[in-house]
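Asks: Got a structure here, written out as structure tokens. Questions coming.
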Amino acid sequence: MEKLFKLKENGTDVRTEIIAGLTTFMTMAYIIALNPNLLTGFGAEGADLWNGVFMATCIASAIGMFIMAFAANKPFALAPGMGLNSFMAVVVTNIVAITGMTYLASFQAALVIIFVEGIVFVLLSLFNIREKIVEAIPLGVRMGIAPSIGLMLMNIGLGSNAGIYSSTGGPFYAMRDFFGALTPKLAATTMGEGYTAMVITVITMFVGLFAIIILARKGFKGAVLVGMLIASILYWICEAAFLHTNPFAALAAANWMPPFADMANTTLFKLNFAGFAQVGWFTVITLIITFCMIDMFDTIGTLVGTASRAGMLDKDGNMPQMKEALLADAIGTVAGSLTGTSTVTTFIESASGVEAGGRTGLTALTTGVLFLACMFISPIAALIPPAATSSALIYVGIIMAAGLRNVDFGDMEQLVPVGLMMIAMPISGSIGHAIGIGLISYTVIAVFTGKAKEVSAVTYIISLLFLIKFFLVA
């Protein structure tokens, strides 16, 4: 392990790395079930396709993480990206309308788009073009990525991660709905019977958060993981006591055998080139460019932001082995297209593992192995309540927000782009779009304050591409 991952050189050990990998896994395990839900209309397109996407999610994620572990030796985890999977679901629906094909045939045609995107990224990574794009992002903007991601993580943890549904509607979110429904009268008119679940969620979330904070304050390396376990146990107890449901009931009827046959019949090497050709070349090219831009800057933002928090950036704000790290998501995306899922990208939840002490590829390897194991033990992964995940996301978000100390608040060329990114990232839910807004604002300020020559040609090109993306591409 020492020779393979250079643990001592990176100031870590096997125990810390494994705990960090398990922590990352617990914060992002939701994607294993959520990804096939989003891509198949929550099972509306049939159990066979759902099972195929489920298997593809586990396998493609693991492949990406193994590349990250052995080629880049970085602790970052990969999986089909949120936002990109929802976008693909919309694309598949549009292909159905354009061509008249079935959803399955249209899904297989959309996989060709993902395959082309992955090949493009492999080539861009091999020829160092993606690395050059990273270097073209102004240092001030790069320094603002980590705290912006921090706000996004807090927004996810306090908001959209723990939604409650009830007979009166939903989803109801903690920060949006709970604090406006504290009285029994308001509770009855807003959340109905869902109010009890909301109270349990909020209490669990904050108990887990403060458990993590106290443990971290005492120097306990597994603080995030233990805090999530405390939150999970509390939630299970409250669920049984107040909601009168057995949190482990699903295990009795769970299917523990991976559905390899369903995957072989629906998604494995099922690229539909004939259906792809029916979509229309202009539409196809537009979709490929859109996927590429969103994925590229989501990945860049996550890598730079998380690496900044982990102290992995050099004095110029660059991360060693960036090429190999970028290649991991490119190969993961190709693997995803061949097995049956949307674009594989670096997950911001990797920050939880970094905060737990993960510094090498052993963290990514641990998470990847757990993803493969989920083909056999997915019912257990599903037991982790969203409230426990929220505890970790909020804590990591707060820690990452501390990166604001690296921003020069006296320099408008840094302050304005960073300020816009910090508000755009949690609101849009897109790291890539927020970086685009930051780059555009940086370029405009530089041009109109007599510093146009200081802006690199690549920065001008990227800013222009984002303008085109924002105004001309849906």
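Asks: In the range 288-327, what trypsin sites (Lys or Arg not before Pro) fall in a loop by DSSP, with at most 16 other Cβ atoms inside 10 Å?
Replies: Hits after loop and neighbour filter: Lys315.
Asks: Can you give the relative contact order of the chain as a percent, counting alpha carbon pairs under 8 Å and 6+ residues apart? Let's see the in-between values first.
Replies: Numbers: 871 pairs, mean separation 167.2, N = 474.
Relative contact order comes out at 35 percent.
Asks: Using a/c under 1.5 as the rounded threshold, could you call the range 243-287 rounded, prolate or oblate? The axes a ≥ b ≥ c are square roots of the C-alpha gyration tensor eigenvalues, and prolate needs a/b larger than b/c, oblate otherwise.
Replies: Oblate.
Asks: Please order Ile468, Ile164 by the number of other Cβ within 10 Å, starting at the fewest.
Replies: Values: Ile468 12, Ile164 23.
Lowest to highest Cβ neighbour count: Ile468, Ile164.
Asks: Kindly rank 254-262, 225-233 from highest to lowest mean number of other beta carbons found within 10 Å of each residue.
Replies: Sorting 254-262, 225-233 by mean packing, highest first, produces 225-233, 254-262.
Asks: Once you've got the Cα coordinates, tell me which of Lys221/Lys323; Lys3/Lys74; Lys132/Lys453; Lys74/Lys323 are over 22 Å apart.
Replies: Working: Lys221/Lys323 30 Å; Lys3/Lys74 15 Å; Lys132/Lys453 18 Å; Lys74/Lys323 12 Å.
In this structure, Lys221/Lys323 lie more than 22 Å apart at Cα.
Asks: To the nearest 0.05, how large is the calculated FRET efficiency for Ile288 and Leu268 if R₀ is 22 Å and r is the Cβ-Cβ distance? Write down the numbers at each step before the final one.
Replies: On the way: r = 22 Å, r/R0 = 1.02.
Once the sixth-power term is evaluated, E becomes 0.45.
Asks: Related question: If we count every other residue with Cβ under 14 angstrom of Pro386's Cβ, Lys/Arg +1 and Asp/Glu -1, where does the sum land?
Replies: -2
Asks: Let me ask something else. Applying 1/(1 + (r/R0)^6) with R0 = 56 Å to the Cβ-Cβ distance of Ala254 and Leu472, what FRET efficiency is obtained, to the nearest 0.05?
Replies: 0.75
Asks: Which peptide among 441-454, 8-21, 292-305 comes first, and what is the full order, when sorted by highest mean count of other Cβ atoms within 10 Å?
Replies: Peptide ranking by packing, descending: 292-305, 8-21, 441-454.
Asks: Something else: Can you figure out the FRET efficiency of Thr245 with Leu383, using R₀ = 22 Å and their beta-carbon distance, to the nearest 0.05?
Replies: After rounding, the FRET efficiency stands at 0.95.
Asks: Related question: Arranged by the count of other C-beta atoms within 10 angstrom, fewest first, what order do Glu117, Glu2 take? The partial results should precede the final answer.
Replies: Details: Glu117 27, Glu2 10.
Least crowded to most crowded, the residues run Glu2, Glu117.
Asks: Can you give me the Kirkwood hydrodynamic radius for the chain, using every pair of distinct Cα atoms, in Å to one decimal?
Replies: 22.8
Asks: Follow-up. If you average 1/r over every pair of different alpha-carbon atoms in the range 404-472 and take one over that average, what Kirkwood value in Å do you get?
Replies: With all distinct Cα pairs of the range 404-472 included, I get 12.4 Å.
Asks: Using a cut-off of 14 Å between beta-carbons, work out the net charge of the residues near Phe5 (Lys and Arg +1, Asp and Glu -1, Phe5 not included).
Replies: Taking every other residue near Phe5 into account, the sum is +1.
Asks: Further question: When the dipole is taken about the Cα centre of the chain, and only Lys, Arg (+1) and Asp, Glu (-1) are charged at their Cβ, what size is it in debye, to the nearest 20?
Replies: I would put it at about 580 debye.
Asks: Please give the calculated 222 nm ellipticity per residue for the chain, where each DSSP H segment of at least 4 residues contributes -39500 (n - 2.57) and the sum is spread over every residue; nearest 500 deg cm²/dmol?
Replies: -22500 deg cm²/dmol
Asks: Amide H to amide H, which residues 5 or more places from Phe172 or on other chains are under 5 Å from it, using H placed in the peptide plane?
Replies: Those lying under 5 Å, H to H, from Phe172 are Ile164, Tyr165.
Asks: Sticking with this structure for a sec: How much net charge surrounds Met154 when only other residues with a Cβ under 15 Å from its Cβ are counted (Lys, Arg +1; Asp, Glu -1)?
Replies: 0
Asks: Here is a follow-up. Taking θ as phi - 60°, what are the ³J(HN,Hα) couplings along the range 130-143 by the Karplus curve (6.51, -1.76, 1.60), each to the nearest whole Hz, with x for Gly and Pro?
Replies: Each residue's phi maps through the Karplus curve to give 5, 5, 5, 5, 4, 5, 6, 6, x, 4, x, 5, 4, 5 Hz.
Bear in mind that the values in this text are calculations on the coordinates, not laboratory data. Please read these numbers as outputs of a predicted model, since none were measured by experiment. Neighbour counts are summed over all protein chains in view; Cβ atoms, including those assigned to glycine, are modelled from backbone coordinates with ideal geometry.
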